[in-house]
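Here the structure is laid out as structure tokens; the discussion comes afterwards.
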Amino acid sequence: MAVVVNQAGKEAYSTQGTDYRTFYTDVDLIIGTPVQYVSGKEDHVEPYVTGGVFAGIVMHTDHNYVDSNNNKLIQGGSSVKVLRSGNLYVIAGANVTEGARAALDATGKFVVEGASGATAINAFYDETAATDGETIIILQNTVYGG
């Protein structure tokens with residue numbers, strides 16, 4: 001299956017068991033990136049950083065906008081759909097291979113489990129991709145709180 005360009009945050013294909021939750025965000029979020037729970041606000045998420053509790057991945061909606069760096073965003077002060085189980089297109093932060101377990105590096109980029117300083121998440125890659133290329137990630141019941 002060929003990856004379609006510029007699809008970050010969109011489902012790659014329909015599957016049973018897709019689970020998402022609607023949260024709120026006080027800051028702009030880039031579509032297709034990982035988020036964490038906001039301490040003391042269980043219904044809010046913010047960009048993932050090392051040490052945070054992974055909440056899932058920001059999903060594409062029809063209510064996004066594009067910033068000056070051509071990033072598709074969900075504006076702060078609005079609701080955001082976060083994938084907790086299922087599949088999405090994401091941008092690889094390093095070379096990834098089909099079947100490899102997924103992790104997040106210190107800056108919240110998608111890398112392979114075992115990479116230096118990376119935090120494992122309950123997911124794997126369904127496509128091989130080079131750094132900054134699109135790939136499909138499959139989250140497996142990634143529900144840690146909230």
Please check: in the Gaussian network model of the chain (C-alpha springs, under 10 Å), which one of D28, D62, D43 has the largest mean-square fluctuation.
D62
Counted charge near G133, where neighbours are those whose Cβ lies closer than 15 Å (Asp, Glu -1; Lys, Arg +1):
-4
Options (1) 8.1; (2) 16.9; (3) 17.5 for mean projected area of the Cα convex hull in nm²; the value derived from the coordinates is listed as (1)
What nm distance separates the two modelled labels at E42 and T61, each placed 7 Å from Cα along Cα→Cβ?
2.1
Phi to ³J(HN,Hα) by Karplus 6.51 cos²θ - 1.76 cosθ + 1.60 over segment 20-35, Hz, x for Gly, Pro
9, 9, 8, 10, 10, 9, 9, 10, 5, 10, 7, 5, x, 10, x, 10
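Here, each number is a calculation from the coordinates, and none is a lab measurement. Keep in mind that what you see is a predicted model, and the values were worked out from it rather than measured. Don't worry about glycine lacking a Cβ; one is built from the backbone with ideal geometry, like all the others, and counts go over all protein chains shown.
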